[in-house]
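Colleague: Dumping the structure here so I can ask a few things about it.
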Amino acid sequence: MAGYILLLVVLAATVFLVKINNRANTIAQEGNTNEDVYEMRDSLLSDAERDAYIKLKAISARYKCTVFPKVGLPSLVEIPRGTGNWLTFWNRINSKYVDLAVCDADSLEPLAVIQLDDSAQKDAKIEKDDFIEKVLDQVGLTVLSIDISGLREDELAAKLVPLLNSKGKEGG
């Protein structure tokens, strides 16, 4: 008999805790029942990213290149048809992007990728960047990791121009 009473007490306590948890979730969600919670960002890029983008645009224009910000990894690499576990490989690249992609202005062939570093970078971003660099290295696309804090245009050009020259791009 004591076992049944204990079982009823445990069951009643469990039901009570589940109801409290459900009520707490309902209260937390009541303020956001519609989809009108989004706001447009002021810019596609942060201030530092925009500064690097503007500098890169000026450099790349002299080499008949163009720069694209925040390019998804699936736009740069593909998984060949018939690859086993295709979906697994797709899921690994699907939500990843590079900070900037430098492409030939006419063909839009990717020439280089630039990952912007700053002192606020977290371990997860570093791990993500390592994966991206490994994938891009596998397909022969050079990744330049550039510290953007206080970077001048001439310093950026010194890193990018030799790479563009090696791809047959001569400045004009």
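We did not get these values from a lab; they are worked out from the coordinates using the rules stated. For clarity, every value in this text was computed on a predicted model and none was experimentally measured.
Colleague: What list of ³J(HN,Hα) values in whole Hz, one per residue of segment 82-99 in order, does the Karplus curve 6.51 cos²θ - 1.76 cosθ + 1.60 (θ = phi - 60°) give from phi, with Gly and Pro shown as x?
Modeller: Listing the rounded values in order: x, 5, x, 6, 3, 4, 4, 5, 4, 4, 5, 9, 4, 9, 9, 9, 9, 5 Hz.
Colleague: Also, I was wondering about something else. Pull up the DSSP beta bridges for segment 47-166 and report the antiparallel fraction as a percent, rounded to 5.
Modeller: Values: 11 of 17 bridges.
Of the beta bridges lying entirely in segment 47-166, close to 65 percent run antiparallel.
Colleague: Still on this model: Got a sec to turn the phi values of segment 159-171 into Karplus ³J(HN,Hα) couplings, 6.51 cos²θ - 1.76 cosθ + 1.60 with θ = phi - 60°, whole Hz, x for Gly and Pro?
Modeller: These are the phi-based 3J(HN,Hα) values: 7, 8, 4, x, 5, 5, 4, 5, 8, x, 9, 10, x Hz.
Colleague: What does the C-alpha gyration tensor say about the overall shape of segment 47-166? Classify as rounded when a/c is under 1.5, otherwise prolate if a/b is larger than b/c, or oblate.
Modeller: In terms of gyration-tensor shape, oblate.
Colleague: Another question, if that's okay. Pairs K64/K134; K57/K169; K57/K96; K96/K167; K55/K169: which are spaced more than 21 Å apart, C-alpha to C-alpha?
Modeller: Checking Cα-Cα distances, K64/K134; K57/K96; K96/K167 exceed 21 Å.
Colleague: Taking amide hydrogens as modeled 1.01 Å from N in the peptide plane, which residues meet the under 5 Å criterion relative to S145, leaving out close sequence neighbours?
Modeller: Q115
Colleague: P(r) of segment 36-93 in 5 Å steps, Cα pairs, percent per bin?
Modeller: Result returned by the calculation: 4, 14, 15, 13, 13, 14, 13, 11, 3.
Colleague: What ³J(HN,Hα) values, in whole Hz, does the Karplus curve 6.51 cos²θ - 1.76 cosθ + 1.60 give for segment 74-81 when θ = phi - 60°, with x put for Gly and Pro?
Modeller: In residue order, the calculated couplings are x, 7, 9, 10, 9, 9, x, 4 Hz.
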